[in-house]
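A.B. asks: My questions will all concern the structure given below.
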Amino acid sequence: MNKSNQKAMNMPKDTKQGHPHGGPGGPNMKKRGARNPGKTLGRLMGYLLKGYPFRIVIVLLCICLSAVAGLYSANFMKKLMVEIGTLVEAAKAQTALDYAPIGKEIIKMIAVYVLGILSSFSFNFLMVKVSQGVLKNIREDMFAKMQRLPIKYFDRNEFGNIMSRYTNDTDAIEQLISQSIPNSVSSIVTIISSFIMMLITSWQLTIVVGLTLVIMFIVIKFVGGNSARFFIAQQQSVGKLNGFIEEMANGQKVVKVFNHEERSKEDFDKLNEELCLNMTKAHSYANVFMPIMANLNYLQYVIVAMVGGVLALKGWLIVPGEATPYVMLGVVSSFLLLSRNFSRPITQVSQQINSIVMALAGAERVFDLMDETPETDEGYVTLVNAKIDENGKIIPCEEHTGTWAWHNPHHVGESNEYTLLRGHITLTEVDFAYEEGKPVLHDISVYAEPGEKVALVGATGAGKTTITNLINRFYDIADGKVHYDGININKIKKADLRRSLGIVLQDVNLFTGTIAENIRYGRIDATDEDVIAAAKLANAHDFITRLPEGYDTMLTGDGANLSQGQRQLLSIARAAVADAPVMILDEATSSIDTRTELLVERGMHKLMEGRTVFVIAHRLSTVRNSDVIMVMENGRIIERGNHESLIAKQGKYYQLYTGAFELE
């Protein structure tokens, strides 16, 4: 059972108890959400201002013009009432009626509204482009950071949850940038300008509006606060559910083999029920919010109209200038429009709170990924192509020669500036633990001479793959030393270290592209001839040429159109084209039938000639001809020697090879 399938089988346990490392879905999930909304919003604004400063300035100007245009209607109503009063008085006096002032006001109003429409269209159009550009930059930064994260991050975080950050969370950010932020800014500008104009128009009626706002803010705090809380929970539940679905999809074969369908369905139902509950509560509060606020706005409008009408009729309304009945009527009419313009944006801002909070929760998940500690590399020794002149001196070169050397910049000018890569790897008294306090390897010492084939055997979980992970520096050791040609691997740049190691894993990963491109992934500059030669070496050439398009056959879905054995052969060919001096074969032939295995081993024998090779295998027939066989148990090496000497000892290796286990 491969690792992804093992993880899939363990998902129900993880779902109940939380991720053991405190990653998404684990105990620390409750800490997720809008922990520091101000900082998160500031980082998002940084993306806006860094990429589109000129457009943002234009957007702000358009928002201000749009808000002012909306307020002009109140001023127009006041002037209109005064002009109507003038016409009425002129009609009573039977003098000539002058409609020109009303016509001018109507023309001004039309012009202002057209300006407002154009401004509103402009800032919405610009924000759509800006939001998509910002999302593009965020995704690029996320992916670039993801490439620099250590392997342990992906071991501790569900793949579906990581993918959710690229989709659900960034979609929430897109809505925040394209809609919530500009609408909120427009509402705030409208609220401030409306309040100033209300004070200028009638401070008495402004006090009445202020009293009704107290009720509105109480409703906003209760309904909006609960809605925002459940929207955050919804965003987290979506990530957890996506992670579970992805794991179950990858491990579907194992689920069916072990009749785990009902248990998987039960665990899915729990996560789905959690998401359903959070979404129901979030949208319930959100859906009742607008009707409540709308009715409160109507109530405020009625109260202002009644109070304003009474004050106007009693002559208690204080207005600037001459307090004629028409002026008072104009003040009340314009103030009613201003109060609507004042209260409506408050409702709109409150309505945006859900989207803003959800987007900030998603943005924090995105920034959590960006803030993860990248893989550190303090190495300075590099790997170079080399050739040896007639005097035996190592000379670096650009072209691929098949000969490699280590370049130590600290030894520039010395005779040992370049060290020939021989493939001598040693682990001395190494201790290691994936989690502190839970050691996996104890006092491990391994000595692999150049060109030697070293086999690691033992039960699952004994620590065999962990040793190869340490050689690759996917993880750093807790104690001990690992040397490569006498150089501490901590001093070798990780990229150069891994370039010197060819790896064939049990789990084959193929990418969308042609077969030739998948093989060339081992060495990007490999020619077509190199690719074909590597395929022949791995005995993959025959089945490739039988495909309709040969090496140009397109692979999708991780090579779903190939058999498991064919996919493994391509993986071996990829390692062959890399032409690395050291090979690591982790169950490289586990997915190949016995007949094909014999063919592959012939090719692998050629591939291993002159190279140091580490072989991990449960099928012990594949390690018989190894120079050294190390038997591991519970993170320790309990036996070492060649096949004949270990058989003669009749110890653990003898039991594994012959199946002669003693029953307790």
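The values are calculated or read from the model by the stated rules, or taken from the named source; none is laboratory data. Nothing here was measured: the structure is a model prediction, and the numbers come from that model. Please note: Cβ atoms are built from the backbone with ideal geometry, for glycine as well, and neighbour counts cover all protein chains shown.
A.B. asks: Based on this model, can you work out whether residue 433 counts as within 19 Å of residue 635 (Cα to Cα) and surrounded by fewer than 18 Cβ atoms within 10 Å (Cβ to Cβ)?
C.D. replies: yes
A.B. asks: Give me the residue from the range 412-431 that is farther than 16 Å from residue 483 by Cα and touching a strand residue (DSSP E or B) at 6+ places or on another chain (Cβ under 9 Å) and, out of that set, modelled with the lowest pLDDT.
C.D. replies: Looking at the filtered set, the residue picked out is 417.
A.B. asks: Give the residue that is farthest from residue 154 (Cα to Cα), with candidates limited to residues of the range 228-269 that are assigned to a helix (DSSP H, G or I), of a type in the set (Gly, Ala, Ser) and under 24 Å from the mean Cα position of the chain (by Cα).
C.D. replies: 228
Residue by residue, here is whether (1) modelled with pLDDT of 75 or more; (2) assigned to a helix (DSSP H, G or I); (3) surrounded by fewer than 18 Cβ atoms within 10 Å (Cβ to Cβ); (4) aliphatic (A, V, I, L, M) holds:
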residue	(1), (2), (3), (4)
60	yes, yes, yes, yes
68	yes, yes, yes, yes
85	no, yes, yes, no
96	no, no, yes, yes
111	yes, yes, yes, yes
120	yes, yes, no, no
126	yes, yes, no, yes
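A.B. asks: If residue 159 satisfies every condition in (1) of a type outside the set (A, V, I, L, M); (2) out of contact with any Asp or Glu (no Cβ under 9 Å at 6 or more places or on another chain); (3) farther than 12 Å from residue 369 by Cβ but one, which is the exception?
C.D. replies: Condition not satisfied by residue 159: (2).
A.B. asks: Give all pairs with beta carbons closer than 8 Å in which a residue from the range 290-311 that is outside the structural domain of residue 224 (by TED's automatic domain parsing) and within 15 Å of residue 218 (Cβ to Cβ) meets a residue that is at pLDDT 85 or above and assigned to a helix (DSSP H, G or I); count only pairs at least 6 apart in sequence or on separate chains.
C.D. replies: none
A.B. asks: Follow-up. Could you please find all residues in the range 612-633 being in contact with a strand residue (DSSP E or B) (Cβ under 8 Å, 6 or more places away or on another chain) and not in a strand (DSSP E or B)?
C.D. replies: Listed by number, the residues that qualify are 617, 618, 620, 622, 623, 625, 626, 627.
A.B. asks: Here's a follow-up. Restricting to the range 415-426, what's the tally of residues that are under 17 Å from residue 615 (Cβ atoms) and part of a strand (DSSP E or B)?
C.D. replies: Residues flagged as under 17 Å from residue 615 (Cβ atoms) and part of a strand (DSSP E or B) within the range 415-426 amount to 1.
A.B. asks: Quick check on my filter: what residues within the range 477-504 are over 10 Å from residue 382 (Cα atoms) and in a strand (DSSP E or B)?
C.D. replies: Once the filter is applied, which keeps residues that are over 10 Å from residue 382 (Cα atoms) and in a strand (DSSP E or B), the range 477-504 yields 479, 480, 481, 482, 483, 484, 487, 488, 501, 502, 503, 504.
A.B. asks: Can you confirm whether the range 646-654 contains a residue that is in a loop (DSSP other than H, G, I, E, B), hydroxyl-bearing (Ser, Thr, Tyr), at pLDDT below 90 and assigned by TED's automatic domain parsing to the domain that holds residue 463?
C.D. replies: Among the residues of the range 646-654, not one is in a loop (DSSP other than H, G, I, E, B), hydroxyl-bearing (Ser, Thr, Tyr), at pLDDT below 90 and assigned by TED's automatic domain parsing to the domain that holds residue 463, which makes the answer no.
Residues checked against (1) assigned by TED's automatic domain parsing to the domain that holds residue 502; (2) assigned to a loop (DSSP other than H, G, I, E, B); (3) touching a residue at least 12 places away in the same chain (Cβ under 8 Å); (4) under 23 Å from residue 385 (Cα atoms):
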{"position": "518", "(1), (2), (3), (4)": "yes, no, yes, no"}
{"position": "522", "(1), (2), (3), (4)": "yes, yes, yes, yes"}
{"position": "529", "(1), (2), (3), (4)": "yes, no, no, yes"}
{"position": "542", "(1), (2), (3), (4)": "yes, no, no, no"}
{"position": "547", "(1), (2), (3), (4)": "yes, yes, yes, no"}
{"position": "567", "(1), (2), (3), (4)": "yes, no, yes, no"}
{"position": "570", "(1), (2), (3), (4)": "yes, no, yes, no"}
{"position": "575", "(1), (2), (3), (4)": "yes, no, yes, yes"}
{"position": "588", "(1), (2), (3), (4)": "yes, yes, yes, no"}
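A.B. asks: Of the residues 467, 519, only one is crowded, with 21+ Cβ neighbours inside 10 Å, modelled with pLDDT of 90 or more and closer than 30 Å to residue 638 by Cα; which?
C.D. replies: Residue meeting the stated conditions: 467.
A.B. asks: Kindly provide the set of residues from the range 128-161 that are in contact with a Pro (Cβ under 8 Å, 6 or more places away or on another chain) and either of a type in the set (A, V, I, L, M, F, W, C) or more than 30 Å from residue 434 (Cβ to Cβ) (or both), ordered by number.
C.D. replies: 149
A.B. asks: Mind checking which residues of the range 427-446 are part of a strand (DSSP E or B) and without any contact (Cβ under 8 Å) to a residue 60 or more places away in the chain?
C.D. replies: Answer for the range 427-446, where residues must be part of a strand (DSSP E or B) and without any contact (Cβ under 8 Å) to a residue 60 or more places away in the chain: 427, 428, 429, 430, 431, 432, 433, 438.
A.B. asks: Take the range 253-273 and flag every residue that is at pLDDT 80 or above, within 30 Å of residue 369 (Cβ to Cβ) and not aromatic (Phe, Trp, Tyr).
C.D. replies: Matches in the range 253-273: 255, 264, 267, 269, 270, 271, 272, 273.
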